[in-house]
Each structure stands twice: as structure tokens, then as C-alpha cells.
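None of the figures in this text is laboratory data; all of them are computed from the coordinates on show. Keep in mind that this is a model prediction, so the values were computed, not measured. In this analysis, Cβ positions are derived from the backbone assuming ideal geometry, glycine residues included, and neighbour counts consider all displayed protein chains.
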Amino acid sequence: MRYQISGKQIDVGDALSTHVQTELGETIDKYSQRPTDATVIFSKNAHEFICDAVVHLSTGLTVQAKGGSTEVYAAFEQCKERMDKQLRRYKRRLKDHHKDRVEPVAFEQAGMYVLAADEDEWEAQDDALQPVIIAEMETSVPTLSVGEAVMQMELSGSPLLVFRNEKHGGVNVVHRRDDGNVGWIDPRNLS
């Protein structure tokens, strides 16, 4: 597994890098036999150290965790424990996912735009409000089953996931609802 360990305005020494590689490697090997790379970024927010870790699996799924503490090693330990908890929760499904999916998850590129939040900045054209685009980027949209999409959303810790449904090829969304349940939006025309 490839590791990229870095710090934002923090010097990450050899001892911390070795500790991260050893501990994170053991955690990932317990639950997933095919990780490809890991990115661990340490940063500091006032008096607190923050550790962000992202692990990419060969199937295309991503596991993400974040931890914080007043000491850098403790921040990493908290991050590792959260990742361990996520992987333990989905251990059986991850192993089944490896058996069922022979090919890695396919990704399509899609445009992603950041719109101005202030409606006063929007331009009025043809009596319709037109939001101001302040950034344009590319993002990847995976092709997954609904179950895999929910698992990926949970593993990455994001509130929603846009994906292409592998059953019918349509664009779908899964999201975390305010009541704690997961919502699934499938805009197919069922008539």
C-alpha cells in the first residue's frame, strides 16, 4: 500500500510517519485485503491537532476518518479508532463486495460547480434568477448498486452520494435524512 503522509504547517517527522504506516496498515489489513493507497494529513487548528485519513480500496470504495486532540499522536489514534469502527461495521459487506465485484468500480467524470451563496449577487436575466458560478471543478461519479452506495456514503462520512445505478444506468442520490435514516432518490420515469 502506498502512503502519503504530510502536514499543513506542521513538520511530520520520520517517527510519526513510521507510526502511521504501521498502525494504519494493521487496521486496514484486519478488514480489507486490497487497499491501494492512503493519504494522511495532519494540520493544526488553534491548540488542537487534526488528523484526516483517506484510504482507497482497489474496488474503488473509499474509507475516510478524522480525529482531533491536543497531541498529534492522540489525534492520529482517534482518527484510526474511527476508521476501525467504520470498517468493523462494514466488514462482512466489504468482504462480500470483493467476491461479488470482479472489476473495480467504474467512475465517470462530471462537472461540479460552486454557486454564490448570496442571492443579491445573482444576476437577473429574462425575469429569472441566475446564480453566479464562482468555481468550476471535475468530480467522479461511481457506478454502484444502492447498497454499495449507502455503504460508500457511510464509509466516507459524507451526508450524500451521487452515483450511477448499476441496474439501469440512471443517476441516483442517497442521503442522510434529518431523522437519521437514509433517503434514496431515483428519478426514473416509472410510467
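Below is a table of values for the structure above.
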{"item": "Ala106 long-range amide H proximity, modeled H, under 5 Å", "result": "Thr143"}
{"item": "In order through region 50-61: 3J(HN,Hα) via Karplus (6.51 cos²θ - 1.76 cosθ + 1.60), integer Hz, x for Gly, Pro", "result": "10, 10, 10, 10, 10, 10, 9, 9, 5, 7, x, 6"}
{"item": "Reciprocal mean inverse distance between Cα atoms of region 2-90 - Kirkwood radius, Å", "result": "12.9"}
{"item": "Ordering of 58-66, 3-11, 132-140 by packing [mean C-beta count within 10 Å, highest first]", "result": "58-66, 3-11, 132-140"}
{"item": "Among beta bridges that DSSP assigns inside region 143-191, antiparallel share in %, nearest 5", "result": "80"}
{"item": "Listed residues Gly111, Val174, Ile134: farthest to the positive end of the dipole of region 105-185 (Cβ charges)", "result": "Val174"}
{"item": "Cα-based shape type of region 145-191, given that a ≥ b ≥ c are square roots of the gyration tensor eigenvalues and the cut on a/c is 1.5", "result": "oblate"}
